[in-house]
Amino acid sequence: QVQLVESGGGLVQPGGSLRLSCAASATPFRLYDMGWYRQATGKQRELVASITSGGNTNYADSVKGRFTISRDNAKNTVYLQMNSLKPEDTAVYYCNGFIATLNYWGQGTQVTVSS
């Protein structure tokens, strides 16, 4: 069973930055496609950013130019650097790991953007 543990969420003012981390027990981690999703209250979960095992990245239009996803295969960790945060970025952020037909989720970390 793969475990994904997110950290780095919290309360930040508009325009601020946060970096989320997701530590994975997946082996070998380098073969997993990884992603960050978010779910705001009353809304469906949506893809924020993803990174393939080969390092290709994809972003939701709403975060392009502000968020950056990256991975460190030596540390089994994927990151989401979030800059220029807006109140509409407020949500629970979930880490996702995918390989073949297997799909894993973390428990989520709350990000609140408010003054």
At 1.4 Å probe size, with the rest of the protein present, what percent of the exposed accessible area of the chain is carbon and sulfur atoms?
47 percent
Using θ = phi - 60° and Karplus 6.51 cos²θ - 1.76 cosθ + 1.60, couplings along the stretch 37-44 (whole Hz; Gly, Pro as x):
10, 9, 9, 8, 4, x, 10, 7
In the stretch 57-113, which trypsin sites (Lys or Arg not before Pro) fall in coil by DSSP and have 11 or fewer other Cβ atoms within 10 Å?
Lys64
Once the in-chain neighbours fewer than 8 apart are removed, the lysines whose Cα is under 17 Å from Lys64 read Lys86
Simple label model, 7 Å out from Cα along Cβ direction - Thr101 to Gln1, nm:
2.1 nm
Normalised by the residues of the chain, what does the relative contact order come to in percent, with Cα pairs under 8 Å and at least six apart?
37 percent
Run a plain Debye calculation on the chain (Cα atoms as equal point scatterers, no solvent) and give log10 I(q)/I(0) at q = 0.09, 0.10, 0.11, 0.14 Å⁻¹, rounded to two decimals, same order as the q list.
-0.21, -0.26, -0.31, -0.51
Hey, can you find the accessible area per residue of the chain for me, probe 1.4 Å, expressed in square angstrom?
53 Å²
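The values are calculated or read from the model by the stated rules, or taken from the named source; none is laboratory data. These numbers were taken from a predicted model, which means no experiment stands behind them. Every residue, glycine among them, receives a Cβ derived from its backbone with ideal geometry; neighbour counts consider all protein chains shown. Keep in mind that these areas ignore ligands, DNA and RNA; they rest on the heavy atoms of the full protein, side chains included. Shrake-Rupley method; radii C 1.70, N 1.55, O 1.52, S 1.80 Å.
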